[in-house]
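First the structure, in the form of C-alpha cells, and then the observations on it.
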Amino acid sequence: MKPIAKILALSVMMAGAQTGFAQGDLGELLRGSQADAKYLAEGYISPFLRTYAAGINQGWYNTAKPHKIGGIDFTLSAAMVTIPGADRTYTVDNSRLNNIYLTGTTSGGAATGTGSVPTIFGKAAAPTYASKDPNTDVPIPGTNFDGPQGTDVFDDYLNGRVPVPVFNAGIGLPKGFELKVRWTPEIDFGDGQIKMIGFGVLHDIKQHIPGIKMLPFDLSAMIAYSKMDIGVAFNDDGSQRGEFTVQGTSVQAIISKKISVLTPYAAIGFGTGTSSLSVKGQYDLDGNGSTETKDPVSVEEKVVSPRMTAGLRLKLLILTIHADYTLQKYSTLTVGLGLSVR
C-alpha cells in the first residue's frame, strides 16, 4: 500500500494533470521508525505543499471595479505555480535516521554521511536505502530498497509548473462592495472526496480618497480566504486514509483601467498559505507485522510572501478571458475565463 502517492495523484488529477505519481512513490519512505518516515517524507513532499499553499490565493479578481448592485460573475482559473530549482532535491543526513540508512545518492555514489536525493519534483534516479544495524549504525547487507525518485509530469506536460484550480462567483453589493465566494459541495472522486470553501470582499476605495474620485481608473482593496480539503480512503473500511488540506489568505490593493474591451490590472499586497498532508490510521512501518504505528506521517508547510500582480482581461459581451503573473516567493501564472454581467 502506498497511501501518500495515492493522495498526491488525486490532488494533481483534480488540478488537470492526466497522470499519477508512479515514479515518485512516497509510500516507499514509510519504513523504519516513525521519526524516519516523517523525516524523509517531509523532505520529499514539502515542496509540493509549498506550491499549493502559494497557488490557493490566486484567481480572485481580474479587475479592480466591483460589480454594480446585483451584478454577477462566474470565473474558472488555473494558477500555474513555478517550481524553484532549489525544490528539486533535498539532503538526507544519515545521523538523523534511526532504523534505515542512505546507501546511494541520486548520482549513484555512496552516501557516507549525507546525500542529495530527489523531491517529488526531482528528475534524478531513485536513491537506495538499507536497514541500519542499531549497534554499529551501519547498513545491514542484503536489506537494500529503493526510495522514490522524482516525477517528470510537471516538466513533461506543464513546463515546470504545478496547477492549482480555482472557481469563483461574485455578486455586487451596495456602496461599492462585491462579495466573492468559492464553494463546492463534497464531491466523491474515486476513493476520495474533495471540497472547497472561500470568501472574499472587494471594495471600491477610490470613492473615499479626496481628489481622485473622478479620475479615469478603478482602485479597490480586497481581502480573501479559501480552504480546500481532499480525503482518500486507503482500505475498504476507511480506517486508513490520507488528508490533504490547503488554506490561504491574501490582502491586496488593486488598480485597473478599462480600455474598450481590454482591462489591464495590477495589484500589490501580501499572502499567506498553509498546506498539510497527513496519513491517518495504523501502519506496519518495520514490515514484521508485530507493531503498528498510528498516524505515522504529518507534514505542514507555510508560505508568507509579499506579492505583486500584473494582468490583462478581455471582455466580449459577457465572456471574459484573463491572464496575470504574480511575483511572490513562488511566482505564479494564472489564466482563466468566466461570465460577467453588470
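The values are calculated or read from the model by the stated rules, or taken from the named source; none is laboratory data. Small disclaimer: the values here were computed from a predicted structure and weren't measured. Heads up, the Cβs are rebuilt from the backbone with ideal geometry, glycines too, and the neighbour counts pull from every protein chain shown.
Brief remarks follow.
- Filter result (out of contact with any helix residue (DSSP H, G or I) (no Cβ under 7 Å at 6 or more places or on another chain) and either in a loop (DSSP other than H, G, I, E, B) or more than 17 Å from ILE72 (Cβ to Cβ) (or both)) within the stretch 317-329: LEU317, ILE318, ILE321, ALA323, ASP324, TYR325, THR326, LEU327
- The stretch 312-333, residues that are crowded, with 22+ Cβ neighbours inside 10 Å and more than 17 Å from THR82 (Cα to Cα): ARG313, HIS322
- Residues (farther than 23 Å from TYR39 by Cβ and either touching a Lys or Arg at 6+ places or on another chain (Cβ under 7 Å) or of a type in the set (Val, Ile, Thr) (or both)) located in the stretch 287-326: VAL304, SER305, THR309, ILE318, THR320, ILE321, HIS322, THR326
- Filter pass, ASN94 being at pLDDT 85 or above, in contact with a Leu (Cβ under 6 Å, 6 or more places away or on another chain) and farther than 27 Å from LYS195 by Cα: yes
- Of all residues in the stretch 138-153 being in contact with a strand residue (DSSP E or B) (Cβ under 8 Å, 6 or more places away or on another chain) and in contact (Cβ under 8 Å) with a residue 40 or more places away in the chain, the one that is nearest to PHE48 (Cα to Cα): GLY150
- Restricting attention to the stretch 283-333 and to residues that are hydroxyl-bearing (Ser, Thr, Tyr) and modelled with pLDDT of 95 or more, the residue that is farthest from GLY242 (Cα to Cα) turns out to be THR320.
- Of all the criteria given as (1) within 22 Å of the chain's Cα centre (by Cα); (2) over 30 Å from LYS132 (Cβ atoms), the one not satisfied by ALA86 is (2).
- The set of residues in the stretch 60-80 that are in contact with a Pro (Cβ under 7 Å, 6 or more places away or on another chain) and under 16 Å from ASP204 (Cβ atoms) contains only ILE69.
- Any hit, the stretch 214-236, residues being of a type in the set (Ser, Thr, Tyr) and surrounded by fewer than 15 Cβ atoms within 10 Å (Cβ to Cβ): no
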